[in-house]
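The values are calculated or read from the model by the stated rules, or taken from the named source; none is laboratory data. A quick note: this is a predicted structure, and the numbers were derived from the prediction, not measured. Cβ sites come from the backbone with ideal geometry, for glycine too, and all protein chains shown count toward neighbours. These area figures cover heavy atoms from the full protein model, side chains too; ligands, DNA and RNA do not enter into them. Shrake-Rupley method; radii C 1.70, N 1.55, O 1.52, S 1.80 Å.
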Amino acid sequence: MGKLEKYNASLKQFLQYDRNELIAMNVFWLGFIAYIASSTILSTKEMPFMLFQPLQMLGLVAIFSSSTYLVKPYFESEYLKIFFFLFAFWALVILFRGFSFNKDVLKLILLNPWFGGMFYLVPLILLFRRSFLLYKKIFSVIIILSVIFLLYSLMFRGILTEVIPDDRNRSVVEYFTKSLGITALFMLFTHMYHSKTKNLIAFVTVLVVLVLGVIRARRGVLFMGVLGLLFAGFLYFISAKSKLVSGTLLVGLLLTAIIGGVYVFLNVELEALYYLQDRGVTDTRTGIEVYFYKDMQGLDWVIGRGMLGEYYCPTMESGNYRGTVETDYLNMILKGGIINLILLLVIIVPAIFLGLFNSKNYLTKAFALWILFWLINTHPSTVQVFTLNYILVWLGVGACYSSFVRNIPEEEMKSFFKPVD
């Protein structure tokens, strides 16, 4: 079979799906939306757990049951196959090192998307069949989560914008933005495949994320939002037909944002800005990291302390031990050691280079930039969690390692999505 015949056969398989696969895909993503929307609303502590925890469990049932049909392992890269299974095996080791049948531990593992055990299973989405249906559905899920984020922000605006903040206010902003809103940036990364309406929803969502980041002085949220917009601007520039027009537009928007931001920051008297100015120069990480470095011993650095691993940190009001480090690459070492971090890097770093420099379409370039975006954010934020942000990383790994997906011409890829206003 010649190259053209082989490509056409692969393309036919990429575009086709049967009714059972469509149903399973819908069930999977509806289950995920139910799970993440429920866990996010529970972070407000305003809603009854007895109402939303069963919805979380129902979401998990949908996720696991549909996955049994959707998992169809196929690796175009032997390198990826080897290191993926090593990484997946090590993730299970980390998970089971903290596993028990204790009720509280089980609830933590299953119902806490940030600090539980579900995110250790996220890499398994790499085993889903790479298809147009998979990528098209992910865009629909992002829009649905963006709308939920905007609705939640309106419903709980009192908590989100309260003048005198406390830990709950700040945590709710973190959960809302990172669990629901931040993936709207990926819609802007792939703007060429969407209608103007969907791009507008994504842009408004990102603006609300930035506003909440300012109000609650969440530097990690602001960094993610601004960095994501810069990446989106880069993709907009390189994909535009007229580089002069797009470049002028981007520079104009950037200068306007900088001048406007500096003016507001220095002249407008808002309580939120005073709070951001104060937080902006306050180092809240170094002390915690020093305790982490002091408590970790030789073998801990190599294999970590398991899913429930902790370190001595007497700055905590509720006790002398912490189970997380906000600097996420250190958190990966705490749980699974340097082995965990190295196995992750040897998978995602080549994916970034393949997607950026060996691709004929902007879908894989966008996925590569998203992986890079996620990797950079392992320093200022907690991002290895059971959210769409992390799921997009592994969907991106699958796309970037696929020579077939990378080599689909851009015009052909656009014709698949057919954006209609």
When residue 64 is evaluated against the numbered criteria (1) open to solvent by 20 Å² or more (accessible area, probe 1.4 Å); (2) modelled with pLDDT of 95 or more; (3) out of contact with any Gly (no Cβ under 8 Å at 6 or more places or on another chain); (4) over 30 Å from residue 155 (Cβ atoms), which criterion, by number, is the only one it fails? (4)
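When the range 10-31 is examined, which residues are found to be open to solvent by 50 Å² or more (accessible area, probe 1.4 Å) and aliphatic (A, V, I, L, M)? Outline the logic, then answer.
Residues of the range 10-31 that are open to solvent by 50 Å² or more (accessible area, probe 1.4 Å), as a first pass: 12-13, 15-20, 22-23, 26-27, 30.
15, 22, 23, 27, 30, listed by residue number.
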Restricting attention to the range 336-388, the residues that are on the phi > 0 side of the Ramachandran plot and open to solvent by 20 Å² or more (accessible area, probe 1.4 Å) number exactly 0
Would you check which residues across the range 202-226 are modelled with pLDDT under 90, closer than 14 Å to residue 172 by Cβ and in a helix (DSSP H, G or I) and list them? 212, 213, 215, 221
Inspect the range 72-86 for any residue being surrounded by 13 or more Cβ atoms within 10 Å (Cβ to Cβ), more than 30 Å from residue 152 (Cβ to Cβ) and of a type in the set (S, T, N, Q) and give the result as yes or no. yes
In this structure, is residue 392 open to solvent by 10 Å² or more (accessible area, probe 1.4 Å) and of a type in the set (A, V, I, L, M)? no
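Residues checked against (1) open to solvent by 40 Å² or more (accessible area, probe 1.4 Å); (2) aliphatic (A, V, I, L, M):
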{"position": "96", "(1), (2)": "yes, no"}
{"position": "103", "(1), (2)": "yes, no"}
{"position": "124", "(1), (2)": "yes, yes"}
{"position": "134", "(1), (2)": "no, yes"}
{"position": "141", "(1), (2)": "no, yes"}
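Can we say residue 307 is over 19 Å from residue 98 (Cβ atoms) and open to solvent by less than 10 Å² (accessible area, probe 1.4 Å)?
Numbers: over 19 Å from residue 98 (Cβ atoms): no; open to solvent by less than 10 Å² (accessible area, probe 1.4 Å): yes.
Against the criterion (over 19 Å from residue 98 (Cβ atoms) and open to solvent by less than 10 Å² (accessible area, probe 1.4 Å)), residue 307 does not qualify.
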Does at least one position in the range 412-421 carry a residue that is open to solvent by 30 Å² or more (accessible area, probe 1.4 Å), on the phi > 0 side of the Ramachandran plot and modelled with pLDDT under 95? yes
Quick one: in the range 143-186, which of the residues that are modelled with pLDDT under 80 and of a type in the set (A, V, I, L, M, F, W, C) is most open to solvent (accessible area, probe 1.4 Å)? 164
Just need a number here: residues in the range 192-214 that are open to solvent by 30 Å² or more (accessible area, probe 1.4 Å) and touching a residue at least 24 places away in the same chain (Cβ under 8 Å). 7
